[in-house]
Amino acid sequence: MIKGPTGCGKTRFVEAMAAKAERPLVTVACHDDTTATDLLGRHLVEGGDTVWQDGPLTRAIRQGAILYLDEIVEAREDVVVVLHSLADHRRQIYLDRLNETLTAPAEFMLVISFNPGYQRGFKELKPSTRQRFVGLSFQYPEPAVEAEIVAQESGIDLAMAKRLVAFAGKVRNLQEFGLSATASTRLLAHAGRLMHTGMPPRTACHVGVIEPLTDDDDIRSALQDTANLIL
Ligand SMILES: Nc1ncnc2c1ncn2[C@@H]1O[C@H](COP(=O)(O)OP(=O)(O)O)[C@@H](O)[C@H]1O
Ligand SMILES: [Mg+2]
């Protein structure tokens, strides 16, 4: 169970771990219409016949892959029910349409992620679900590391990447703006890529970081003033 703000590297981490472990990775981006059927599979009509098609969860179990359920809290309640038998000692799912019980092989791994700060009202992961996982909390990397990441991801030089990270540090400290999200590593990499194509740094910061963060005129101009001092 990986927790952390958007754009801090959760998905990238899982991709890197899968590559390192040389395991196939099956990723599902969950949303509020994601149902158990979407994950398990369904019968499809194919020219007069009905054929069963495995969903990503079933496929991942059969392959012994790493299954990554991104933004798990968004998914429908029935998804969580399926996960319960899978994520405890049983390691099983029941496919009622096929009347088949599938047991996960030892290589199968389940990773879930979510953003704990995100306002989602009543949507929260239940204790009975959370307690089936081991947990890791992610934050934005420390400045020196983040600058290296931004330079690497975007192709800009380290000195400019450090300035972008310094700008992000200021934005992250501006709690009083009540921004629902803040300048993530993802946004810094975006701005860096724009600079790498030749866009002036202040403009890149404006369209790559500030506009994606807020629609409020006053906050936008305050953030731009901050950017102009650093870049
Ligand atoms: N810690 C990190 N290491 C490497 N790249 C990162 C990191 N954090 C963010 N990025 C960059 O930002 C992009 C989005 O990161 P991602 O892993 O999708 O974030 P999350 O899943 O936490 O929302 C990545 O494609 C990468 O370019
Ligand atoms: Mg992600």
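The values are calculated or read from the model by the stated rules, or taken from the named source; none is laboratory data. On a predicted model such as this, the values are computed, not experimentally measured, just so you know. As a convention, Cβ positions derive from the backbone with ideal geometry for all residues, glycine included, and neighbour counts pool all protein chains shown.
Those helices (runs of 4 or more DSSP H) of the range 105-185 in which 1 or more residues are over 20 Å from Met195 (Cα atoms) occupy 127-130, 158-173. Annotation: Ser137 fulfils all but one of (1) modelled with pLDDT under 95; (2) under 30 Å from Met109 (Cα atoms); (3) out of contact with any helix residue (DSSP H, G or I) (no Cβ under 8 Å at 6 or more places or on another chain); the unmet one is (1). Quick check on my filter: what residues within the range 110-150 are within 15 Å of Val82 (Cα to Cα) and either hydroxyl-bearing (Ser, Thr, Tyr) or touching a Lys or Arg at 6+ places or on another chain (Cβ under 7 Å) (or both)? Scanning the range 110-150 gives Ser128, Thr129. Number of residues in the range 12-57 that are closer than 21 Å to Glu153 by Cα and either at pLDDT below 95 or charged (D, E, K, R) (or both) equals 3. For the range 17-31, the set of residues classified as within 14 Å of Tyr68 (Cβ to Cβ), away from ligand 1 (no atom under 16 Å from the Cβ) and surrounded by fewer than 15 Cβ atoms within 10 Å (Cβ to Cβ) consists of Ala21, Pro24, listed by residue number. Residues in the range 172-201 that are at pLDDT 90 or above and exposed (fewer than 14 other Cβ atoms within 10 Å of the Cβ) were compared, and the one that is nearest to the chain's Cα centre (by Cα) is Thr197. In the set (1) within 16 Å of ligand 1 (Cβ to nearest atom); (2) free of Cβ contacts under 8 Å to residues at least 60 places away in the same chain; (3) within 20 Å of Val134 (Cβ to Cβ), Val14 fails one condition alone, (2).
From the list Gly169, Gly208, Gly192, Gly135, which residue is in contact (Cβ under 8 Å) with a residue 12 or more places away in the chain and in contact with a His (Cβ under 7 Å, 6 or more places away or on another chain)? Working first, answer last.
Details: Gly169 fails: in contact with a His (Cβ under 7 Å, 6 or more places away or on another chain); Gly192 fails: in contact with a His (Cβ under 7 Å, 6 or more places away or on another chain); Gly135 fails: in contact with a His (Cβ under 7 Å, 6 or more places away or on another chain).
After ruling out the rest, the residue left standing is Gly208.
For the structure I just gave you, tell me whether Thr34 is under 20 Å from the mean Cα position of the chain (by Cα), within 16 Å of ligand 1 (Cβ to nearest atom), under 26 Å from Ser180 (Cβ atoms) and hydroxyl-bearing (Ser, Thr, Tyr). For Thr34, the condition - under 20 Å from the mean Cα position of the chain (by Cα), within 16 Å of ligand 1 (Cβ to nearest atom), under 26 Å from Ser180 (Cβ atoms) and hydroxyl-bearing (Ser, Thr, Tyr) - is not met.
Filtering the range 38-62 to residues that are without any contact (Cβ under 8 Å) to a residue 40 or more places away in the chain and among the polar types (S, T, N, Q) leaves Thr50, Gln53.
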